[in-house]
Amino acid sequence: MAPRRYTDDPVSDLYYFEQNNSSNGKFLRYCQGRIDAIVSRQAMMATGIIFITFLVSPVVAMMCTISVIIGELVDCMFFLHIIHNYNANTVRKSHITISIITGAFQSLSISVCLAIPWLASGPDIRFFLLVFLAGATLNSGVAWRYNQTAISIRFIIYLLTAMALFIHDIWVDGALTKPLIQDLLGASVLIYILIIFIRFIRNNQSSRQRSDYAMLKERVKSAKINLALLEKERETRQLAEVAQNSNDVIIFLKPTGKISWVNKTFTELFGYRPLQAMGKDPAMLLTGPDTNRRTLGKLRLSMQKERFIRVDIQVRKKNNCMFWIDTVLTPLKDAEGKIHSFVSVSRDITHSKKQMSDLKQARADAEHAAHAKSTFLATMSHEIRTPMNGIIGMSDLLRQTTLSADQTEYVDTIVSSGDALLQIINDILDFSKLDAGKLQITPEPMDLHKNLHSVVSILGPNAVEKKIDLSLKFAKNVPDTVMGDDGRIRQIVINLIGNAIKFTPKGAVTVSVTSKKKAQLNCIEIAIQDTGIGIPADKLDHIFERFTQAEDDTTRKFGGTGLGLSISHLLAKQMGGDIIVTSEPNKGSCFTLKMPLKSVDKQHVKTVEKPSPQSGCDLQNTHILVAEDNRTNQLLLRKMLAKHVGKLEFAQNGEEVVDMFINTPPDVVLMDVSMPKKNGMDATKDIRVWEETQNRNTVPIIALTANAFPEDRIKCLNSGMTGFLEKPIKKQQLLDELGQILPKFTPAVKAANKSLPMRPP
Ligand code: ADP
């Protein structure tokens, strides 16, 4: 392994150094060194051989040459084999052992090369041969650190050779002659010099190796530090670049809160050049009269507490123009956790703030408009229902008197027109609720078969009147009972079957109910097929839109408002379903209501028994107190009830009804809701408080109101009322309600209340 020059890469230099100085590395260097030194070695040998040729004889020189060449060949062949076939990782211990043997052989060959002329010529050439041997020893000594065992054996062989040759000469001379002593002394000095010299070389090599190693390690260490520094510097430069070119405003602050650095966007947005901002307090430089002091305080507190904070704040430009920023303030800490600066990253959010406030305003406006619409609808509904109560109620009463055929027809027309008008009001209310997403669907266990049979029986007379065949059929797999909103499903089907009858001059209307199972749900399909006038293809897409009819003259010919289908469609959608229509002009239409409904056990379905009027209750002994400010309605109620009840009293307003109640508690109160002085709900509350303080049982109070929204019903019941009747009221409806409520309270309530002494409130 050739020693490697140091490069620019200290890490790989260190790697090679360590490889070179490992025991295998040193062995490879030993092999390489022996090969490299072959020329100088042979030159020395050749010189020696020439001397021997002249000083001893050519034959002896030849013998020496042969011996040396054999030794060199054995040793170098082995080294060449190692160098060409192995590296530091593959050299084995056995190779080192073999090198010791070949080394010993080569040393022996040199010893033979010396011994032959020594023995052949005697003492004249002895000193020359000793010096020659010293040269060979020195040559080996240079490589001592690379293969200590092999070189030590060489030393021993050379020493033994010299000793043997001296012993031979002493033995031949028979005594220690003067020249022998001189040569022995010379040899000893030579050995001494060799030892010192070889030790010097060895120490020198070791200390060079150590210093090289230390130097290389140092180079690696400093290279690593340099690399880390370069990386840091690159990172810092990149960050500075990002900060400088960021679209956000970036401000660095000292721990004291003073500006230490700003980026380009700061200058662009605020109008201050960096030097104008540096060292300034942003709370002074960048705030204005509209800046929120509390937010500013929060920012200050976060800086004091060394905490992260994000706020929206209004700030001031150099030209005094105020604008909104969203700012994030972050403390920056060093490795010891000590604050060295703060960084604030801010963005102009004036535009989005404006959008937000516009949106807020638009929402408030929309809510206000929706509220105004609801109020308007509620008022309209109330105002129309109140006179309607008079019209419908009175015609109802009129119909029960003896009339001529013509009069009966007139009254019937008034009643049906009243009903139609009421239907329109209800439709408009429903539609506006659906439109505002305020109409609630309340699924309950319901009997689907019963529901559809009752719709068909309600509309049956209309079909009979037009001589149309109306039929209803169920597929076998249609569940009897499902979870659904009974009232709303009835409303949709009445509308669809009603339309089918209305728009079919002759033929039949067939209602077929089928069901498809989808996971846990049944997809119920109610298809209403008629043989009527049909709908032109270009109108089909629009008939679900509000106030839309297929033809302009539909209202004139058939009546209607064009609201029914849009309400039905919205209701179906709200139930998770849909209405699909197919139609062909003059052939007929098919409207299919699809609804996903869960089937339930029949036992869960509530059965409402229709009460029979006055069942279990004798109205003849009943004292009824009516609170009603409207004269027509008073007259109507008097006419409806006078004949049936024992005592009928009227209060003109909310205060009066409370007084009259306390004076003579009735058996039941019929309470209008909108009344002068005190409304019906407040009057009810007063009555309930009085009953409580008097320790009396509660008397039923039934609301009679033109406020027809579901929330009105809830409000009435919450104020303490017992029942709720929507105006316009029909006589039978009223008697039914009284018949249903009164038995629950009388005679137990009556008896209990009557036994109590009257006390002033
Ligand atoms: P209305 O019946 O009060 O006009 P609808 O919303 O219920 O309102 O119906 C909208 C229009 O759709 C009807 O005016 C009519 O033109 C058309 N239409 C609905 N059902 C049928 C049907 N079965 N056959 C033909 N046309 C129909």
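Only the coordinates and a few stated rules stand behind these numbers; no lab work does. All figures in this text were calculated on a predicted structure; none of them were measured in a lab. With ideal geometry, Cβ positions are generated from the backbone for all residues, glycine too; neighbour counts draw on all protein chains shown.
Take the Cβ atoms of residue 283 and residue 476, set R0 to 60 Å, and the FRET efficiency comes out at 0.15.
Listed by chain and number, the lysines whose alpha-carbon sits under 30 Å from that of residue 338, ignoring those within fewer than 8 places in the same chain, are 221, 224, 232, 254, 258, 264, 280, 298, 305. Against the chain, whose longest principal axis comes from its Cα atoms, helix 486-502 is set at around 60 degrees.
When the dipole is taken about the Cα centre of the chain, and only Lys, Arg (+1) and Asp, Glu (-1) are charged at their Cβ, what size is it in debye, to the nearest 20? It would help to have the intermediate numbers written out before the result.
Working: 92 positive and 76 negative charges, 499 e Å.
Value, rounded to 20: 2400 debye.
Under 5 Å between amide hydrogens, built in the peptide plane, is the criterion, and for residue 474 it picks out 513 among residues at least 5 positions away or on other chains.
Our helix-only sum for the chain, with -39,500 (n - 2.57) per DSSP H run of n ≥ 4 divided by its residues, gives a mean residue ellipticity at 222 nm of -19500 deg cm²/dmol. Taking Cβ atoms as reference points and 11 Å as the exclusive limit, the residues near residue 683 contribute a net charge of -2, counting Lys and Arg as +1 and Asp and Glu as -1. Here's the list of lysines a cross-link from residue 506 could span, going by alpha-carbon distance under 28 Å and ignoring same-chain residues fewer than 8 apart: 450, 466, 467, 473, 539, 557, 587, 594. Toward the positive end of the charge dipole of the chain, with +1 on the Cβ of Lys and Arg and -1 on the Cβ of Asp and Glu, the farthest Cα among 425, 188, 324 is that of 188.
Sorted by mean Cβ packing within 10 Å, highest first, what order do the peptides 668-681, 728-741, 163-176 take? Don't skip to the answer; put the middle values down first.
Values: 668-681: 22.2, 728-741: 19.2, 163-176: 12.9.
So the order, starting with the most tightly packed, is 668-681, 728-741, 163-176.
For region 136-178, the residues whose backbone nitrogen is under 17 Å from a point 7 Å from the Cα of residue 55, taken along Cα to Cβ, are 136-138, 162-163, 165-166, 169.
For region 20-165, with only Lys/Arg (+1) and Asp/Glu (-1) charged at the beta-carbon, what is the dipole magnitude about the Cα centre, in debye rounded to 20? Let's see the in-between values first.
Numbers: 9 positive and 4 negative charges, 97 e Å.
The calculated dipole for region 20-165 is roughly 460 debye.
What percent do you get for the relative contact order of the chain when only Cα pairs under 8 Å and 6+ apart count?
Working: 1073 pairs, mean separation 52.9, N = 761.
The value is 7 percent.
Using the Karplus relation 6.51 cos²θ - 1.76 cosθ + 1.60 with θ = phi - 60°, the per-residue 3J(HN,Hα) values for region 31-41 come to 4, 4, x, 4, 5, 4, 8, 4, 5, 5, 4 Hz, with x marking Gly and Pro. Backbone N atoms of region 348-376 closer than 12 Å to the 7 Å Cα→Cβ label point of residue 268 belong to residues 348.
Once the convex hull of the alpha carbons of region 116-188 is built, what does its volume come to per residue, in cubic angstrom? Please report the intermediate quantities before stating the final value.
Details: hull volume 5.8 nm³, N = 73.
Convex hull volume per residue, Cα atoms: 79 Å³.
Once both labels are positioned 7 Å from their Cα atoms along Cα-to-Cβ, the gap between residue 711 and residue 176 label points is 13.6 nm. Annotation: lysines with alpha-carbon distance below 16 angstrom to residue 93 (same-chain offsets under eight excluded): 26. For region 225-370, the dipole from Cβ point charges (+1 on Lys and Arg, -1 on Asp and Glu) about the Cα centre works out to 500 debye, to the nearest 20.
Computed from backbone phi, the HN-Hα couplings of region 296-302 come to 4, x, 4, 4, 4, 4, 5 Hz, rounded to whole numbers (Karplus: 6.51 cos²θ - 1.76 cosθ + 1.60, θ = phi - 60°; Gly and Pro given as x).
Quick one: length gained pulling residue 621 to residue 401 fully straight, 0.36 nm per residue minus the C-alpha distance?
Numbers: separation 220, 0.36 × 220 = 79.20 nm, distance 2.51 nm.
That works out to 76.7 nm of additional length.
Selection among 569, 265, 507 by position relative to the dipole of the chain gives 265 as farthest towards the positive end (Cβ unit charges, Cα centre).
So what's the chain giving for Cα Rg divided by 2.2 N^0.38 Å, two decimals?
Details: Rg = 59.8 Å, N = 761, 2.2 N^0.38 = 27.4 Å.
Cα Rg divided by the expected 2.2 N^0.38 Å: 2.19.
By the scheme Lys and Arg +1, Asp and Glu -1, what is the net charge of all other residues having a beta-carbon under 14 Å from that of residue 169? Value of the local net charge: -1.
The listed peptides 208-219, 244-255, ordered by packing as a protection proxy, come out as 244-255, 208-219 (highest mean of other Cβ atoms within 10 Å first).
Considering only 147, 704, 452, and ranking their Cα positions along the charge dipole of the chain that arises from unit charges at the beta-carbon of Lys, Arg, Asp and Glu, the one farthest toward the positive end is 147.
Between amide H atoms placed 1.01 Å from N, distances below 5 Å from residue 671 occur with 627, 702, 703, 704, all of them 5 or more places distant or on a separate chain.
To the nearest 0.05, what FRET efficiency results for residue 688 and residue 416 with a Förster distance of 51 Å applied to their C-beta separation? Each step should come with its number before you reach the end.
Working: r = 41 Å, r/R0 = 0.80.
That pair, residue 688 with residue 416, gives E of 0.80.
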